[in-house]
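Below: the structure, in structure tokens.
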Amino acid sequence: MSIDFASRMKHIKPFQVMALLAQAKALEAQGRDVIHMEVGEPDFTSPQAVVDAGIAALRQGKTHYTSALGLPELRQTIADYYDKHFAQKVDAETIVITPGASGGLQLLMASLLNPGDKVLLTDPGYPANRNFVHLYSAEPVSVAVDASNNFFPSLEQLEQTWDERCKLLIIASPANPTGTVLSSQQLQQYIHFIENKQGYLLVDEIYQGLEYDQASETAVKRSDRVFVINSFSKYFGMTGWRIGWMVAPSEWIEGLDRLAQNIYLATSTPAQYAALAAFAPEVLQELNTRRDELKKRRDFLLQALPQLGFELGYKPTGAFYIYADCRAITTDSFQFAQRLLIEQAVAVTPGVDFGNYQANTHVRFAYTTKIERLQQALERLQAIV
Ligand SMILES: Cc1ncc(COP(=O)(O)O)c(C=O)c1O
């Protein structure tokens, strides 16, 4: 019997990387030593103080719902963080705690998009966004980006693509899969563009804190047409806790609250208490030490990958990804990733996971494993290229 899925389900694509991960796990079960460069999360576990705070919250009976918008003290702590680290005054009332950036992205799109609205997304870009757009019966529109513009859309491209059905532009900085960071001038240009068009800009700052050459800016409070999504997953090393946040224009908060109450009721309470501990100065110091380690890994790969025939053509300055042009080695990156996994037990993500544009000639390397392992991975890559 065929399953009676809603028609939108035909648009929902699985992450290729998950299939690859399953294959890698199967090889590991056979005793193969797989080097993971496909995983989009740091190898570090959550800082001990964060874990302790989560456990303490559970022991103290903090196991009930919080309000849908989140713990007031966590919202205030995040507001203080913007003030201290970005010199940006933010009213804690405009911060919404969400179940990961994923929860924030869905909450925002559900409250913003009407059926038939168009949403501009970069290709390559974070694959789930296009699926979320389909969930709300809106239409994703790809804007092809490449190394020549640091993988961000040019104003000309936006002008050419935007029409009266467009409502939202989504930009991530630092970006996945490229690790590029928006310049302050580009950010300002996007804000002007959106204000002129009377549309909305969603800036996904989930990799904020992971910048290696210059600190990134925040788009928070730059316009009442800008929403910012962030998360405890990446810089804070808390992927499995499922907690993030959104900063929204104040007039949207009542509606977001109403919707959050219905969709997920509240974000995990122990995760919220754990996240509170993440802003202690000694924890932030620990996180910055981790960032320094990630920078070393990036520098190591930046120097080594071109010697193997991978072309970069840009400098990834954030997140923990390098999006490498592999056309000198293969024009079928998916098949290349499969072969690399099966023959050499190195897992990387093929470009097809992030869109269509030049996808067959790109692979994403995640430097979410130790330098010694990266070194081994390069030796194995050498054997195959
Ligand atoms: C650009 C981007 N946005 C959002 C997410 C979702 O992250 P989470 O729900 O763990 O906060 C990810 C995860 O990899 C991502 O890369």
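Per-residue answers, yes or no, for (1) surrounded by fewer than 24 Cβ atoms within 10 Å (Cβ to Cβ); (2) modelled with pLDDT of 95 or more; (3) within 19 Å of Gly318 (Cα to Cα):
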{"residue": "Glu217", "(1), (2), (3)": "yes, no, yes"}
{"residue": "Asn230", "(1), (2), (3)": "no, yes, yes"}
{"residue": "Tyr235", "(1), (2), (3)": "no, yes, yes"}
{"residue": "Ile253", "(1), (2), (3)": "yes, yes, no"}
{"residue": "Ala260", "(1), (2), (3)": "no, yes, no"}
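The residues listed here are Ala68, Ala6; of these, the one that is of a type outside the set (Ser, Thr, Tyr), surrounded by 12 or more Cβ atoms within 10 Å (Cβ to Cβ) and either under 23 Å from Trp241 (Cβ atoms) or more than 20 Å from the chain's Cα centre (by Cα) (or both) is Ala68. Under the condition of being within 16 Å of the ligand (Cβ to nearest atom) and outside the structural domain of Phe354 (by TED's automatic domain parsing), the residues counted in the stretch 1-41 number 0.
Contact annotation: residue pairs with Cβ atoms under 6 Å, 6 or more positions apart or on different chains, pairing a residue in the stretch 14-32 that is touching a residue at least 40 places away in the same chain (Cβ under 8 Å) and closer than 16 Å to Glu343 by Cβ with a partner that is part of a loop (DSSP other than H, G, I, E, B) and charged (D, E, K, R), are Leu20/Glu38. Residues considered: Ala345, Ala271. Of these, the only one that is of a type in the set (Gly, Ala, Ser), surrounded by 17 or more Cβ atoms within 10 Å (Cβ to Cβ) and assigned by TED's automatic domain parsing to the domain that holds Gln76 is Ala271.
Of everything listed in (1) closer than 19 Å to Ile206 by Cβ; (2) free of Cβ contacts under 8 Å to residues at least 24 places away in the same chain, the single unmet condition for Gln186 is (2). Within the stretch 120-154, which residues are within 16 Å of the ligand (Cβ to nearest atom) and part of a strand (DSSP E or B)? Within the stretch 120-154, Leu120, Leu121, Thr122, Asp123, Pro140, Ser142, Val143 qualify. Considering only residues in the stretch 189-216 that are assigned to a strand (DSSP E or B) and away from the ligand (no atom under 14 Å from the Cβ), the one that is nearest to Asp163 (Cα to Cα) turns out to be Tyr200.
The values are calculated or read from the model by the stated rules, or taken from the named source; none is laboratory data. Just so you know, these numbers come straight off a predicted model, no measurement behind them. Please note: Cβ atoms are built from the backbone with ideal geometry, for glycine as well, and neighbour counts cover all protein chains shown.
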